[in-house]
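Working notes, structure below.
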Amino acid sequence: MDWQALWLSLSLAFWTVLVLLPVAVFLGRFLAYHRFRGKGAVEALVILPLVLPPTVLGFYLLVAFGAASPVGRAWEALFGGPLVFSFEGLVAASVLFNLPFAIQPAQRGFEAVPVEVREAAACCGMSPMQALRRVELPLAWPGVLTGMVLTFAHTLGEFGIVLMVGGSIPGETRTIAISIYDRVQAFDMAGAAQMSGVLLAISLGTVALTFWLSARAGRRLS
Amino acid sequence: MPLPRRHFLTSAAAFAALPARAATAPVIAAAASLRFVMADLETAFPDALRVSFGSSGTLSQQLRNGAPFELFLSADEAYVQGLAHDGHLPDDGVIYARGRLSLIVPKSGDMEADATLDALEARLTAGHLRRFAIANPEHAPYGIRAREALIHRGLWQGLQPFLVLGENVAQAAQFAVSGNADGGLVAASLASAGPLAARARSALIAEDWHSPLNQRMALTPRAGTVARTFFDFLQSNEARAIFARHGFAAPEPA
Amino acid sequence: MALEVRARAEAPIPLDVRFTVEPGELVALVGPSGAGKSTILRAISGLYQPHEGRVTVNGTPWLDTAAGVAQPTHRRRVGVVFQSYALFPQMTALANVMAAGADKSRAADLLALVHLKGLEARLPRALSGGQQQRVAVARALAREPEVLLLDEPFSAVDHATREGLYAEIQRLRAHLDMPVVLVTHDMEEARRLADRIVVIDHGKVVREGPAADVLFDPAAMRGMGLRGAGATLTAQIAEHEADGLTRLDGATGPLFLPRVTGPVGEVVRVRILAHDVILSRETPAQLSALNVIPGVIEDILPGDGPGAMVTLAVGQERLLARITQRSVRAMGLAPGQRCHAVVKTMAVAPHHVGRDDPGDG
């Protein structure tokens, strides 16, 4: 049982959720409330990671963040090591490929806030931030939370992109999914089965939590 | 002066407080065929190492893109030489071992481990062949040699519809013994290793059936003291003995 | 603290209006659906910005497109009561009122003012429509608004509850010293609550004036769909008869209505819709209708279709009758003639009978 790899996966999922939480709230809210030219393009961009094969995504991310890229070079100058093949590089890639998982449910959550309720909040003297905190989030939070849970679960299982952008460096980028693959290649079926079981349990748990939360959100608004 | 980037991410959250994360253990890139021999080499070596296995081609690509490897053990010469030529390596290192190709057949199957490949041919002609696994001859060193051997034996064309290609030679070995294939041509170092030997029979393919598998290794620009020490260790007699135990031949005298 | 509104726009609907509301005055914006009434309200509150416009409250501009001033909604001290209540679903009634800026005790006072004492801890989904609307009113008042806007606030509520809410508003008027704008398409509502009426059609002001005058003006009513057109007669309850009818004494004779609640001697106002009135030149005989009201024709206004609106003077008051132009011609009706207005007892619904509301114009 590669505890280090599990810890790494959980850590990656945690940091991804942390970064995406404000993104989901603000971008999800913005997309829910505004209609503008080019909105379709923005939404398509957000969904893109869902429809692209992980290897394609991984490839583009490698090119975008790699040693030859401006981003990669700037990072290396600042921190002394490459962005790719590092944990931080995985976080960056993970944030990008989880965009649809985080933003879509949050957007739906905010779309469910009735327009009149938002208008009433403004008429009560609440600034947009006050309205967000006191009126909108209390109503939209199940959507936001679903987004975070999905992001967490998806990150735990992600393989192709993590392998491309991270390599399989023990303690740095060898997540549990990659570790399982590694065990199989080493013909350690028992080890692979054990880790797969743990990953399955965690994933099932998060999915069950999501369904429970959605049901709860449905009840509270009816 | 590089910022302590690891600190702000790792110390902030309990999650990221990983024990063996010390930047001291160097990362070694090793070809898939070295999977089992590396374990013994690491045990014999006093310092901690972190090994990343993969196909030589993939590891080479990763190095080009800035992977923080300090030593690269490839399964052939071309990749190391290519990297050196393009300036990603300070030099093209040394040959550390000579690899061998083996035929491998699952014990659960009924094909013989016949190094002449007569059994394979018989099966093919009789129409009983299901699948045969090799590493991808487009980029994997052992795959390239497997194709050469099969061409030499006149079986390459005939086997086309039955071939299953592994991304690296370890994956090919997996397919070969999975029970869904009749067998495969893989690295001898893998075929003779414990887990595989338990479930498969193997036979060495004659060396003159393919071009030599001179496996080259080189230190990268990032190489630190430990990596350099390991580099030297791998050329020692002790290391040579370990390689030999795992089915590698010694490098021919330069 | 007068409210001055001027707005002009092409989209989403054409708009070109200008009117003023004095402090303490309740102006009703009436007009057909899509006329732009709600849009005007939204321009005042800032939820909509017209292409060109000026909204000032006591001289202070909330909106002045020419000068580039456009206060966001949350900075305008405006109280809004929405048609759909728009209460915050996750907050109790008290919390909803407090959300507009009142502290706990003031919020409780406001809820008591709208007769919701005891229901402070209820969530909106545990309140009836009428109760929710009262919370909405309390919340609007909690803002200490400089302008109070009511956007068809009672259309989602049943008749009986509406009566209660009208009375509520009338009582509240004493506490309201700011301009109040009410949007409605219900004539009766406008008549009951408004001091002045502004009639909007296709985004333009077509008539403006004191409630009684405007509502009675068939020309103004024409563009709005004449369903609600009618008049009101004053009568005094004379006797509650044994067979379930009540006899009232009107200006020119008795009126028989289904049982009216109230003591003998009470003066009530009876609303008679124009399309319920039949005209007869002679006293009709053998007719089932009990109410035959003599009067004098004052005016006949032909409509765009086959109809015509006849204005009949009955004592000091007026009645409206909507009949066909064919009948006008066939009967040879003309101003100055004596005529009888026939009204079915059963056509007068209970909610058409109202008490003399204080301050009713």
May I ask you to evaluate 6.51 cos²θ - 1.76 cosθ + 1.60, the Karplus curve with θ = phi - 60°, for each residue of the range B:59-74 and list the ³J(HN,Hα) values in order in whole Hz, giving x for glycine and proline? 4, 5, 4, 5, 4, 4, 8, x, 4, x, 6, 9, 8, 10, 9, 8
Taking the simple approach of a point 7 Å from Cα along Cα-to-Cβ for both C:ARG106 and B:PHE162, what is their distance in nm? 9.0
Between B:ALA227, B:ALA67, B:ALA113, which gets the highest mean-square fluctuation from a Gaussian network model of chain B, Cα cutoff 10 Å? B:ALA67
Part-to-part distance (alpha-carbon centres) for the range C:223-283 and the range C:36-60, which is given in Å: 41
Can you sort A:CYS123, C:CYS339 from fewest to most other Cβ atoms within 10 Å of each residue's own Cβ? C:CYS339, A:CYS123
As straight-line cross-link partners of C:LYS37, the qualifying lysines (C-alpha separation under 26 Å, not fewer than 8 residues apart within one chain) are C:LYS204
Using only alpha carbon pairs under 8 Å that are at least six residues apart, calculate the relative contact order of chain A and give it in whole percent. 30
Chain B: relative contact order as a whole-number percent, Cα under 8 Å and 6+ apart: 28
Given +1 on the Cβ of Lys and Arg, -1 on the Cβ of Asp and Glu, and no further charges, what dipole in debye does the range B:100-209 carry about its Cα centre, rounded to the nearest 20? 260
Given +1 on the Cβ of Lys and Arg, -1 on the Cβ of Asp and Glu, and no further charges, what dipole in debye does the range A:108-222 carry about its Cα centre, rounded to the nearest 20? 400
Tell me, what ³J(HN,Hα) does each residue in the range A:28-35 have, in order and in whole Hz, if you take phi through Karplus 6.51 cos²θ - 1.76 cosθ + 1.60 with θ = phi - 60° and put x for Gly and Pro? x, 5, 4, 5, 6, 9, 10, 10
With 10 angstrom as the radius, rank C:VAL157, A:VAL23, A:VAL207, C:VAL199 by how many other C-beta atoms surround their C-beta, starting from the fewest. A:VAL207, A:VAL23, C:VAL157, C:VAL199
Out of the DSSP beta bridges found with both residues in the range C:3-225, what percent are antiparallel (nearest 5)? 60
Taking amide H positions as placed in the peptide plane 1.01 Å from N, state which residues far from B:ALA200 in sequence (5 or more) or on other chains have amide H under 5 Å from it. B:LYS107
One finds, for A:PHE79 and A:MET129 with R0 = 30 angstrom and r their Cβ-Cβ distance, a FRET efficiency to the nearest 0.05 of 0.35
In the protein assembly as shown, with Lys and Arg counted as +1 and Asp and Glu as -1 at Cβ, which of these residues, C:VAL260, C:SER155, B:ASN214, has the Cα nearest the positive end of the dipole, that is, farthest along it? C:VAL260
Taking a ≥ b ≥ c as the square roots of the Cα gyration tensor eigenvalues, with a/c under 1.5 meaning rounded and otherwise prolate when a/b beats b/c, else oblate, which class fits the range B:102-159? prolate
Which angle between 0 and 90 degrees, to the nearest 10, do you get for helix A:39-51 versus the longest principal axis of chain A when only C-alpha atoms count? 30
At a Cα cut-off below 20 Å, give the aspartates and glutamates reachable from C:LYS344, other chains included and same-chain residues fewer than 8 away excluded. C:GLU188, C:GLU239, C:GLU241, C:ASP243, C:ASP249, C:ASP276, C:GLU282, C:GLU317
For B:SER52, residues with placed amide H under 5 Å, excluding near neighbours: B:ILE28, B:ALA29, B:ALA30
Note: C:74-85 gets an average of partner chain Cβ contacts (10 Å, Cβ to Cβ) equal to 4
Specify the inter-centroid distance of the range A:1-51 and the range C:91-137, based on alpha-carbon positions, in whole Å. 39
Counting every C-alpha pair in the range A:59-113, the percent lying more than 15 Å apart is 54
For B:ILE205, distant residues with modelled amide H under 5 Å away: B:LEU101, B:SER102, B:LEU103
Net dipole in debye of the protein assembly as shown [+1 Lys, Arg Cβ; -1 Asp, Glu Cβ; about Cα centre; nearest 20]: 780
Order by neighbour count: A:TRP141, C:TRP62, fewest other Cβ atoms within 10 Å first, most last. A:TRP141, C:TRP62
Shape call for the range C:3-225 from the C-alpha gyration tensor, a ≥ b ≥ c root eigenvalues: rounded (a/c under 1.5), prolate (a/b greater than b/c) or oblate? oblate
Which of the aspartates and glutamates could a cross-linker bridge to C:LYS104, judged by Cα under 13 Å and excluding same-chain residues fewer than eight apart? C:GLU120
What's the FRET efficiency of A:VAL42 with B:VAL94 using the Cβ-Cβ distance as r and R₀ = 41 Å, to the nearest 0.05? 0.15
Restricting to DSSP H runs of at least four residues, report the calculated mean residue ellipticity at 222 nm for chain C, -39500 (n - 2.57) per run over all residues, nearest 500 deg cm²/dmol. -6000 deg cm²/dmol
Can you pull the one-decimal nm distance between simple spin-label points at C:GLN49 and C:GLN286, each 7 Å off the Cα toward Cβ? 7.3
Just name one of B:PHE248, C:ALA112, A:VAL46: the one whose Cα is farthest towards the positive end of the charge dipole of the protein assembly as shown (beta-carbon charges, Lys/Arg +1, Asp/Glu -1). C:ALA112
Rounded to whole Hz, the Karplus (6.51, -1.76, 1.60) HN-Hα couplings of the range C:277-288, x for glycine and proline: 9, 9, 9, 9, 6, 10, 4, x, 10, 6, 10, 6
Against the rule of thumb 2.2 N^0.38 Å, how large the Cα Rg of the range A:3-221 comes out: 1.14
Starting from the Cα of C:ASN58, move 7 Å in the Cα-to-Cβ direction to define the label point; list residues of the range C:102-124 whose amide nitrogen is under 18 Å from there. none
With R₀ set to 56 angstrom, the calculated FRET efficiency between the beta-carbons of C:ILE13 and A:VAL71, to the nearest 0.05, is 0.70
For chain B, what is the calculated [θ] at 222 nm in deg cm²/dmol (nearest 500), taking -39500 (n - 2.57) for each run of four or more DSSP H residues and dividing by its residue count? -10000 deg cm²/dmol
Nearest 10 degrees is fine. How inclined is helix B:35-44 to the longest principal axis of chain B, computing both from alpha carbons? 40
Quick check on the protein assembly as shown: of the DSSP beta bridges with both residues there, what percent are antiparallel, nearest 5%? 70
Please give the average number of partner chain Cβ atoms lying within 10 Å of the Cβ of each residue in A:77-86, rounded to a whole number. 5
Calculated P(r) tail over 20 Å for the range B:100-209, as whole % of Cα pairs: 26
What would the Debye equation give as log₁₀ I(q)/I(0) for the protein assembly as shown at q = 0.10, 0.11 Å⁻¹, counting only Cα atoms as equal point scatterers? -1.05, -1.19
Just to be sure I understand: with springs between alpha-carbon atoms less than 10 Å apart, which residue in C:VAL260, C:VAL135, C:VAL198 has the highest mean-square fluctuation in the Gaussian network model of chain C? C:VAL260
Using only alpha-carbon positions, what ratio does the radius of gyration of chain B give when scaled by 2.2 N^0.38 Å? 1.09
Three-way shape call for the range C:280-361 based on the alpha-carbon gyration tensor, with the a/c threshold at 1.5: prolate
Could you tell me which of C:VAL328, A:VAL17, C:THR73 has its Cα farthest along the dipole of the protein assembly as shown towards the positive end, charges placed at Cβ (Lys, Arg +1; Asp, Glu -1), taken about the Cα centre? C:VAL328
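Each reported figure results from applying straightforward, stated rules to the coordinates on display, with no laboratory input. Computed from a prediction, not measured in an experiment: that's the story for all the values here. Backbone-built Cβ (ideal geometry, glycine too); neighbour counts: all protein chains shown.
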